[in-house]
Amino acid sequence: MFKTEFLDLPALSSAHGRVVLPGSKSISNRVLLLSALCEGRTTLHDLLDSDDTRVMLAALRQLGCGVQQDGTTVVIDGIAGRLPAQPLKFFMGNAGTAMRPLTAALAVLGGDFELSGVPRMHERPIGDLVDALRQLGCRIDYLGQPGYPPLRIGQPALQLRGPIQVRGDVSSQFLTALLMALPLVAVRDIEIEVVGELISKPYVEITLNLLARYGIAVRREGWQRFTIAAGSRYRSPGGLHVEADASSASYFIAAGALAAHQAAPVRIEGVGLDSIQGDIRFVDAARQMGAQIVSGPNWLEVSRGSWPLKAIDLDCNHIPDAAMTLAVMALYADGPCTLRNIASWRVKETDRIAAMAAELRKLGATVQEGADFLRIEPLPQAHSWRPAVIRTYDDHRVAMCFALAAFNPARLPVRILDPACVAKTFPDYFETLFTVVSPVSGAVPVICVDGPTASGKGTLAARLAERLGYHLLDSGALYRVTALAAVRAGLALEPAGEQAIAALARHLPVRFEGDRVLLDGQDVTEAIRSEEAGMNASRVSALPAVRAALVALQHSFVRLPGLVADGRDMGTVIFPQASLKVYLTASAEQRAQRRYKQLISKGISVTLPQLLADLQARDARDMQRSVAPLKPAEDALLLDNSEQSIEESVDCVMRWWQERQPFAASGH
């Protein structure tokens, strides 16, 4: 997951490949609570691992449930509706799928509980659910603004006669919460009556489907009246597989519709057209816009059909989350698109109608915003697009859907602020996206950091890569790793083994993570720092075929979203077209002082004059060598970091980088 302040997405040209989606948030949090309310053990497979499910799991542990977790498999030992006697305080983050059902379950069973969340959770309405529960005799007090969390729950005096009324036109989660809680106290038939038009009916269908899996058969009359039979009792299904998230599928369906050729579609695994999730009907909307979609058991394949996409005017009440993806797809349509009946967007993780309108306008679109609709004018010409910094409002779906703007015909990058907000439902979203999209040729940015020995280029490059979320290439370590791999493979480090070592080097499974060097997943950082490793590196670097192979390997490090490369010839030889080249010019005296302190701290005996002489001799050799001599590229920016801390050097290079981005000129 990218934990950077922002993530810059280079311009994208095509999409193809296979995606395995994480589990559905809506299903995951429902089955976690249902499993907790049962007696006995339930094993849940393919459960979503995200912020929202972690919130629910933490609450279940507080309630006394046994929880065993192994990756995406979770075993829950239920409490059979018996709650702890001691007071408990629950922190629910911004997880509506945890807050609302848990509130209802705790309220009907009773105890001494408080539920709170992040500030946005305290702005999301819960009054209609509280009103319905109070009709039952539940004791619930507001600890802040009436109608909103935080809440205190006490002991109820249940009155189960007569229908329980709940509004259905704000959030379907209120009805879902009652449907999940009331079987716990169904000593007689209990009726729920929906007041007004029920929105997001597919999410209620998910609830009814899952209740049936746990032994609860709910009778319903249309969408207005639901009856839970007397004597209803939760029974564990024993085991249950969680479907992949259909809302998350929408981004990859859209990517396929925008940029996948029919011969090489985007294949989405984990969900098919037989899904119990309402958002699978996003497929119908995508087809209306021209996407080519075929489906099989638990998979979809998507490619571009009509181009530009066809404009739509659609009631999106049945796909409230996935409809956000349509708003970005509308930018690529052949006319204005109108998304209707989306009033529920205003009470989600943020006011999504206002947020989507504001961010679409940043891209250059004309957007009309109503109480429950959006009308979006497309951007058919490249000159209509604007470089944009997308504010995400701590809303995972805003971040995910606006990544699709990187397919714009103007070939502009898109900056996503706070990319880590996707942790709510899809922590690895951007990493997954990068596996199925291809950038415009030359669009992936490269920052080169060159300089003499002990100039601090490795530390600077690692910090820059960390700040930007970019890949890291330590070119100096490549020869050491190559030599180590060759020795382990039993190859002779001499001309007789040149071709074999070169073949090994072309596909060397090496990765750099901060200060660590990994070879085929194994940390070899210390192994390549030895004196012997340095000598072996010198021997393989003298083999022309190996040098050529390593040039190709270094080029392969240019991957989405970007690369920071450090070495002695990154800007002059390896990446002459790099977006930014930095050359460090610290004096030999200053570099000797730094190296001296490093070695002394490691207990290595050395003298400062000796170090200085060695560095000066190394500089002379590097600058005078015939192949790739040490020198700054003509267009490199010189950075004298003799008196700078590493933080000051990083800030300086970050300023240079920001000045070169189109976002600076756009005023964002």
Members of segment 74-117 found to be among the aromatic types (Phe, Trp, Tyr) and within 24 Å of Thr425 (Cα to Cα), listed by number
Phe90, Phe91
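Please enumerate the residues belonging to segment 524-577 that are acidic (Asp, Glu) and over 21 Å from Pro452 (Cα atoms). Steps first, please.
Within segment 524-577, the subset acidic (Asp, Glu) is 526, 531-532, 566, 569.
Within segment 524-577, Glu526, Glu532 qualify.
Of all residues in segment 216-249, how many are touching a Pro at 6+ places or on another chain (Cβ under 8 Å) and of a type outside the set (Val, Ile, Thr)?
Applying the first criterion (touching a Pro at 6+ places or on another chain (Cβ under 8 Å)) to segment 216-249 yields 216, 225, 228, 232-234, 244-245, 248.
Going one step further and asking which of them are of a type outside the set (Val, Ile, Thr), we end up with 225, 232-234, 244-245, 248.
Result for segment 216-249: 7.
Whether any residue in segment 81-89 is in contact with a strand residue (DSSP E or B) (Cβ under 6 Å, 6 or more places away or on another chain) and over 30 Å from Pro265 (Cα atoms) is what I want to check.
As a first pass, look at segment 81-89 and keep what is in contact with a strand residue (DSSP E or B) (Cβ under 6 Å, 6 or more places away or on another chain): 88-89.
If we keep only those that are over 30 Å from Pro265 (Cα atoms) too, we end up with 88-89.
Yes, segment 81-89 contains a residue that is in contact with a strand residue (DSSP E or B) (Cβ under 6 Å, 6 or more places away or on another chain) and over 30 Å from Pro265 (Cα atoms).
Restricting to segment 629-657, name every residue that is assigned to a helix (DSSP H, G or I) and open to solvent by 60 Å² or more (accessible area, probe 1.4 Å).
Taking segment 629-657 first, the residues assigned to a helix (DSSP H, G or I) are 646-657.
Residues satisfying the conditions are Glu647, Glu648, Asp651, Arg655.
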Matching residues in segment 355-365 - criterion: being crowded, with 24+ Cβ neighbours inside 10 Å and without any contact (Cβ under 8 Å) to a residue 12 or more places away in the chain
none
Test Thr432 against the criterion of being among the hydroxyl-bearing types (Ser, Thr, Tyr), in contact (Cβ under 8 Å) with a residue 12 or more places away in the chain and within 23 Å of Leu508 (Cβ to Cβ), and give yes or no.
no
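Can you tell me which residue within segment 375-390, out of those that are part of a helix (DSSP H, G or I) and small (Gly, Ala, Ser), is surrounded by the fewest Cβ atoms within 10 Å (Cβ to Cβ)?
Restricting attention to segment 375-390, the residues satisfying the condition of being part of a helix (DSSP H, G or I) are 382-384.
With small (Gly, Ala, Ser) added as a condition, the list becomes 382, 384.
Numbers: Ala382: 11, Ser384: 17.
In this case the residue turns out to be Ala382.
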Within segment 430-437, does at least one residue satisfy the condition of being within 30 Å of Glu531 (Cα to Cα) and either modelled with pLDDT of 95 or more or charged (D, E, K, R) (or both)?
no
Within the set of pairs 6+ apart or on separate chains, which have a first residue in segment 213-233 that is more than 18 Å from Leu160 (Cβ to Cβ) and open to solvent by less than 60 Å² (accessible area, probe 1.4 Å), a second that is among the basic types (Lys, Arg) and in a loop (DSSP other than H, G, I, E, B), and C-beta atoms under 7 Å apart?
Tyr214/Arg235; Gly215/Arg233; Gly215/Arg235
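Evaluate segment 391-399: report whether one residue or more is open to solvent by less than 40 Å² (accessible area, probe 1.4 Å), assigned to a loop (DSSP other than H, G, I, E, B) and in contact with an Asp or Glu (Cβ under 6 Å, 6 or more places away or on another chain). Working first, answer last.
Step one: list which residues in segment 391-399 are open to solvent by less than 40 Å² (accessible area, probe 1.4 Å), which gives 392, 395-399.
Those left that are additionally assigned to a loop (DSSP other than H, G, I, E, B): 392, 395.
Narrowing further to those that are in contact with an Asp or Glu (Cβ under 6 Å, 6 or more places away or on another chain): 392, 395.
Scanning segment 391-399, I find at least one residue that is open to solvent by less than 40 Å² (accessible area, probe 1.4 Å), assigned to a loop (DSSP other than H, G, I, E, B) and in contact with an Asp or Glu (Cβ under 6 Å, 6 or more places away or on another chain), so the answer is yes.
Out of segment 346-355, which residues are at pLDDT 95 or above and outside any helix (DSSP H, G or I)? If you could, list the steps in order and put the result at the bottom.
The initial filter retains those residues of segment 346-355 that are at pLDDT 95 or above, namely 351-355.
The answer is Asp351, and nothing else.
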Within segment 573-598, how many residues are at pLDDT below 95, open to solvent by 20 Å² or more (accessible area, probe 1.4 Å) and closer than 24 Å to Met623 by Cβ?
10
Segment 328-345, residues that are in a loop (DSSP other than H, G, I, E, B) and not hydrophobic (A, V, I, L, M, F, W, C):
Asp334, Gly335, Pro336, Asn341
For segment 280-301, indicate whether the set of residues that are open to solvent by 20 Å² or more (accessible area, probe 1.4 Å) and touching a Cys at 6+ places or on another chain (Cβ under 7 Å) is non-empty.
no
Which residue is nearest to the chain's Cα centre (by Cα), if the candidates are limited to segment 564-602 and must be in a helix (DSSP H, G or I) and among the hydroxyl-bearing types (Ser, Thr, Tyr)?
Thr572
May I ask you to say which residue of Glu193, Glu197 is surrounded by fewer than 22 Cβ atoms within 10 Å (Cβ to Cβ) and either without any contact (Cβ under 8 Å) to a residue 24 or more places away in the chain or not in a strand (DSSP E or B) (or both)?
Glu197
I'd like the full set of residues that are farther than 23 Å from Asp619 by Cβ and among the basic types (Lys, Arg), limited to segment 543-572.
Arg559
Of everything in segment 125-138, what is open to solvent by less than 10 Å² (accessible area, probe 1.4 Å) and either basic (Lys, Arg) or touching a Lys or Arg at 6+ places or on another chain (Cβ under 7 Å) (or both)? Give them in sequence order.
Ile126, Leu129
Ala260 being open to solvent by less than 10 Å² (accessible area, probe 1.4 Å), out of contact with any helix residue (DSSP H, G or I) (no Cβ under 9 Å at 6 or more places or on another chain) and either charged (D, E, K, R) or touching a residue at least 40 places away in the same chain (Cβ under 8 Å) (or both):
yes
State yes or no: is Val74 of a type in the set (Val, Ile, Thr) and out of contact with any Cys (no Cβ under 9 Å at 6 or more places or on another chain)?
yes
Give me a count of the residues in segment 316-354 that are more than 20 Å from Arg386 (Cα to Cα), surrounded by fewer than 24 Cβ atoms within 10 Å (Cβ to Cβ) and either aromatic (Phe, Trp, Tyr) or more than 27 Å from the chain's Cα centre (by Cα) (or both).
3
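For segment 421-461, what are the residues that are of a type in the set (Gly, Ala, Ser), open to solvent by less than 10 Å² (accessible area, probe 1.4 Å) and under 18 Å from His555 (Cα atoms)?
The answer is Ala461, and nothing else.
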Going by the conditions given, is Thr325 outside any loop (DSSP other than H, G, I, E, B) and closer than 19 Å to Asn408 by Cβ?
yes
Tell me, please, whether a residue that is part of a loop (DSSP other than H, G, I, E, B), open to solvent by 10 Å² or more (accessible area, probe 1.4 Å), in contact with a Leu (Cβ under 8 Å, 6 or more places away or on another chain) and not basic (Lys, Arg) can be found in segment 139-150.
yes
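Tell me the residue from Ala365, Ala322 that is in contact with a Phe, Trp or Tyr (Cβ under 6 Å, 6 or more places away or on another chain), under 26 Å from Ser14 (Cβ atoms) and aliphatic (A, V, I, L, M), please. Explain how you work it out, then say what you get.
Numbers: Ala365 fails: in contact with a Phe, Trp or Tyr (Cβ under 6 Å, 6 or more places away or on another chain).
After ruling out the rest, the residue left standing is Ala322.
Against the condition open to solvent by 10 Å² or more (accessible area, probe 1.4 Å), within 24 Å of Lys201 (Cα to Cα) and at pLDDT 95 or above, how does Asp313 come out, does it pass? Break it down stepwise before answering.
Values: open to solvent by 10 Å² or more (accessible area, probe 1.4 Å): yes; within 24 Å of Lys201 (Cα to Cα): yes; at pLDDT 95 or above: yes.
So Asp313 fits the description; yes.
The values are calculated or read from the model by the stated rules, or taken from the named source; none is laboratory data. Since the model is a prediction, treat every value here as computed from it, not as a measurement. Cβ sites come from the backbone with ideal geometry, for glycine too, and all protein chains shown count toward neighbours. Note: accessible area is taken over every heavy atom of the protein model, side chains too, but ligands, DNA and RNA are not part of it. Shrake-Rupley method; radii C 1.70, N 1.55, O 1.52, S 1.80 Å.
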